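I have placed the structure first, in the form of structure tokens, so that the comments after it can refer back to it.
The values are calculated or read from the model by the stated rules, or taken from the named source; none is laboratory data. Please read these numbers as outputs of a predicted model, since none were measured by experiment. Heads up, the Cβs are rebuilt from the backbone with ideal geometry, glycines too, and the neighbour counts pull from every protein chain shown.
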Amino acid sequence: MQSIGFLGLGKMGAVMAPRFIDAGFALTVWNRSADKAQPLSDAGAAVASTPANVVAAADIVISMLRDDAAAEQVFLGRDGLLSGNVAGKLFIEMSTLRPETARSLAERCKQQQAAFIDAPVSGTVAPAKEGKLMALVGGSDADIERARPVLDVLTRRIVHAGPVGQGDMLKLVLNLPLAVYWQSLAEATALGAAGGLELATMLDAMADSGAAIKVLPLKIPLIIEGSDYVAFDIATMEKDARSIVETGNAFGVPMPATSASLETYAAANAEGLGAADAVAIVRRLSDNYGAAD
Ligand SMILES: NC(=O)c1ccc[n+]([C@@H]2O[C@H](COP(=O)([O-])OP(=O)(O)OC[C@H]3O[C@@H](n4cnc5c(N)ncnc54)[C@H](OP(=O)(O)O)[C@@H]3O)[C@@H](O)[C@H]2O)c1
């Protein structure tokens, strides 16, 4: 069985990486903050001291990092993934990145005789833990076939969107309505609150109507009571909304709704709410207009 390297043990990586131990792969992990690797070490993974050391120990290397800057740092930085001999390795980049970042990392891999696919995911921490993510993949048929047994450990479905970069393009497309949905729910409940409705009443009726999305019922307790449990935080949503708007700008596609949501996520982040779940923007706005539970 092939050996796997896994970098980035944040909210997603922490539940994805252990699946490889359970599936019988030899696993080597790395995380910028070393303490987050301890549970993996306890479960039987080897812990590398640098990204370069992960590559030395693994045939296939998965990364699940915060953003474009993190991926560039981990691939191209000192002791980074591409700092040594990587010929023959396959990199599966699963963070949500801009398509151009994926293409530029793939080009660097190609120059060093390594393969690269982008495979960002749809689905959050709970499906990640159960191996039920949907991977949105960009790359060649051959590289994706090579990645398939590894992706199967993490996913219920693999969508081949096109060449490298198109996995990330599709991920931005899927995240757009989600970013805008929480913004629209924030506005809707602010309107209702200003008109004297209770937040719980609004959300209960909303969840049972055509205005609900699939995850809304799961998120309602989080919106009403708040919680320490965070699946997808406001800072990450701001990052994705910004990537969407700027990618839209580059193509000349107007993004008025996503731009409005970006302003909201950025303002919430600036207020110190960056680590809160993205749905906290609903409560943040409706509270200002007197929503009661
Ligand atoms: N959470 C979700 O529900 C979800 C769903 C689908 C897709 N995604 C995407 O998946 C990716 C990971 O999300 P997450 O929620 O797991 O994020 P997270 O909890 O914030 O974890 C981010 C990870 O990136 C690492 N990192 C950040 N900056 C770095 C840098 N400059 N150099 C090296 N490592 C760096 C962090 O290391 P430290 O521990 O040292 O900070 C951590 O391991 C993101 O691209 C996100 O958009 C998330």
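Any residue in the range 95-113 that's assigned by TED's automatic domain parsing to the domain that holds Q73 and without any contact (Cβ under 8 Å) to a residue 40 or more places away in the chain: show its pairings with residues that are within 16 Å of the ligand (Cβ to nearest atom) and assigned to a helix (DSSP H, G or I) at Cβ separation under 6 Å, as long as the two are six or more apart or on different chains.
L105/F75
Restricting the range 110-158 to residues that are assigned to a helix (DSSP H, G or I) and either of a type in the set (K, R) or touching a Pro at 6+ places or on another chain (Cβ under 9 Å) (or both), which is nearest to the ligand (Cβ to nearest atom)?
K129
For the range 19-56, how many residues meet the condition of being of a type outside the set (V, I, T) and within 14 Å of the ligand (Cβ to nearest atom)?
Here is the first cut: in the range 19-56, the residues of a type outside the set (V, I, T) are 19-20, 22-27, 30-46, 48-49, 51-53, 56.
Now restrict to residues that are within 14 Å of the ligand (Cβ to nearest atom): 30-40, 48-49, 51-52.
The qualifying residues number 15.
Only one of E238, E246 is within 16 Å of the ligand (Cβ to nearest atom), surrounded by fewer than 17 Cβ atoms within 10 Å (Cβ to Cβ), in a helix (DSSP H, G or I) and modelled with pLDDT of 95 or more; which?
So the residue among E238, E246 that is within 16 Å of the ligand (Cβ to nearest atom), surrounded by fewer than 17 Cβ atoms within 10 Å (Cβ to Cβ), in a helix (DSSP H, G or I) and modelled with pLDDT of 95 or more is E246.
So which of V173, V180 ends up being more than 27 Å from L9 (Cβ to Cβ), in a helix (DSSP H, G or I) and within 14 Å of the ligand (Cβ to nearest atom)?
Values: V180 fails: within 14 Å of the ligand (Cβ to nearest atom).
None of the others qualify; the one that does is V173.
Failed condition for R108, given (1) in contact with a strand residue (DSSP E or B) (Cβ under 6 Å, 6 or more places away or on another chain); (2) surrounded by fewer than 24 Cβ atoms within 10 Å (Cβ to Cβ), with all others met?
(1)
What are the pairs with Cβ atoms under 6 angstrom where one residue, in the range 264-293, is under 20 Å from G195 (Cβ atoms) and the other, located anywhere, is outside any helix (DSSP H, G or I) and not small (G, A, S)? Sequence gap at least six, or different chains.
A292/E198
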